[in-house]
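Quick notes on the structure that follows.
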Amino acid sequence: MIGISANAQSHNEQVTVEGTYAPQIQKSERITKTPDITENDFNIPNYEINTEDYIYNYNIDLEPVSPLTYTQKNDYVTTNNFLKAGLGTRISPDFLFRHYSNPTKRMSLGIGVTHNSTWLGMKDYENAKYMNNEFRLSMTNRFSQLQLHSYVNYHYDMYFLNNDFNDQARKIHSLNAGVNANNNKSSYMSLYDEFALDYSYSGIQGGMQENLLKFNAHLEHTNSWFRSKDNMQTLSLDLNAELDNIEQTLFIIAANPHLAFDGEFYNLHLGFRVDAKTNSTSVGGIYPDIKGSLYLFERNFEFYAGLGGKTKINSLKEILSENPFIISDLTKIAEFDYEKTKFDFQGGLRFNIMNTVSANIGIRYRNIDNMIFYVPSFENPGTFDIELSYCIVFNILADINFRLNDKINATANFAYNNYSRELYYFTHNWYKPKVEFMLKGFYKYNDKWDFNIATYFEGVRYAQSFDGNIEKLKPICDIQLGCNYNFRDDLSFYAEVKNLIHNKYQIYYGYPSYGFQMFLGFKYRF
């Protein structure tokens, strides 16, 4: 991911700029009109499961361009089901089912099943067949003093390696289970606490396996210690512990106390983070945790800045979410260590004009130890190994959302990236583009028809070939078109064209994306 971390915005609500708006460019995903539902159209799985949909309500509007916008009712016996089914021109089934219900006033249940696959190869890449499967189960129980949210998510993905010596499929399993508990007290004049325990298993069948356990605790108390009740202060403490076993055991524990001041024209966050870790050539660290915002014109303009840093574990789960073609037994496992962001500065401007235009313009500068780059594995042709190095990353990010009315909406994202690292034999930062750009648009013609377009561009990147040569990968230019026909309030038919200009760009060397594809199907809510 690049740029400044922020939350995405759905098409049907305009938000204030108060630290919430700025959609991100997804580097390793093909453009998708369903950002909340991973489609993995060009063989890049994503094991980051978003379970927040089930905590308070369920977002049945699975696509920002979908006509089937559904508002959650207060009746606890309401049951929601959403079904999407289609077929692509490469014998590519596209299936999605979501169920949400409130069996009782105090319990909510969510179930989800997703399947995407393609069973026809390509002329220049016959082993292009793949399959993605996902199952979700979540439950939220509300008690008088707390809310308990539990979830289980399972992924099974299959890809064929670009390997002239065998046609064996790469099979990846991922299991994620956890529980989150938070009290129902108001954070003002009372102690608020939240605890979370999360377990993840990621494994390449016949190869490397990982078990990852995370614990998080958050405590906070809000009061008016220094000034009037119009100016609040919040004292918080975050505790994090992470245990990762992947051929070796890595452990990290961190504490992050901070004090926030919230006034009519400003917000100030003062704190620090300290972490300790094992099995590392470097010691733990102490980092600042400072953030501030200045609001103008009734908080429609926000100038913000922040300074921080952290240490995290380089996990197999994250690597497979970026590159499923990593070798099954990393040859550099001894270096498979912690990533340390020693310095992280962010700053910029967010603004909202007449509830029509929301924008964010910002910069980010980071110093990172053990940043991961992908290089070919010469011992295992068709797969990739990792290369760890110190890197200075500088990003310029601009996002803008334009909403004329309920019929027209457009979002544009631009990023400039500069990577400077310790280079040994080569002079390129593998697979890191200088420029990224995304444009999405939606137009509702009438109650029956609506149309959408999405375009993604990524500049020139460099890769090392499997024989050691430097390859210049052509830019990515992917254009998608879609339309929906609303047959009834609960039933619609859709058509999608993906990769309109038939650009077989390579995400990783030797693995081109699919060219032109067309999908036809239906969506049904019941």
Could you tell me whether TYR159 is in contact with a strand residue (DSSP E or B) (Cβ under 9 Å, 6 or more places away or on another chain), within 25 Å of GLU210 (Cα to Cα) and open to solvent by less than 20 Å² (accessible area, probe 1.4 Å)? yes
Of the numbered conditions (1) open to solvent by 70 Å² or more (accessible area, probe 1.4 Å); (2) modelled with pLDDT under 90; (3) more than 30 Å from MET371 (Cα to Cα), LEU423 satisfies every one except a single condition; which is it? (3)
In region 386-409, which residue that is modelled with pLDDT of 90 or more and open to solvent by less than 30 Å² (accessible area, probe 1.4 Å) is farthest from LEU473 (Cα to Cα)? ASN409
Any residue in region 277-296 that is touching a strand residue (DSSP E or B) at 6+ places or on another chain (Cβ under 8 Å), at pLDDT below 90, assigned to a strand (DSSP E or B) and closer than 26 Å to LEU388 by Cα? yes
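Out of the residues in region 297-322 that are among the charged types (D, E, K, R) and in a strand (DSSP E or B), state the one that is farthest from ASN240 (Cα to Cα).
Let us first name the residues in region 297-322 that are among the charged types (D, E, K, R), namely 298-299, 302, 310, 312, 317-318, 322.
This time we only want the ones that are in a strand (DSSP E or B), so: 302, 310, 312.
Details: GLU302: 30, LYS310: 12, LYS312: 11 Å.
Across region 297-322, the extreme among qualifying residues is GLU302.
This table checks each residue for (1) buried (at least 17 other Cβ atoms within 10 Å of the Cβ); (2) modelled with pLDDT under 85.
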| position | (1), (2) |
| --- | --- |
| ASN80 | yes, yes |
| LEU87 | no, no |
| SER117 | yes, no |
| LYS129 | yes, yes |
| PHE135 | no, no |
| MET139 | yes, no |
| PHE143 | no, no |
| LEU148 | no, no |
Within region 480-507, how many residues are in a strand (DSSP E or B) and touching a residue at least 40 places away in the same chain (Cβ under 8 Å)? 10
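The values are calculated or read from the model by the stated rules, or taken from the named source; none is laboratory data. Since this is a predicted model, take the numbers as computed values, not measurements. Glycine also receives a Cβ, built like all others from the backbone with ideal geometry; neighbour counts cover every protein chain displayed. Note: accessible area is taken over every heavy atom of the protein model, side chains too, but ligands, DNA and RNA are not part of it. Shrake-Rupley method; radii C 1.70, N 1.55, O 1.52, S 1.80 Å.
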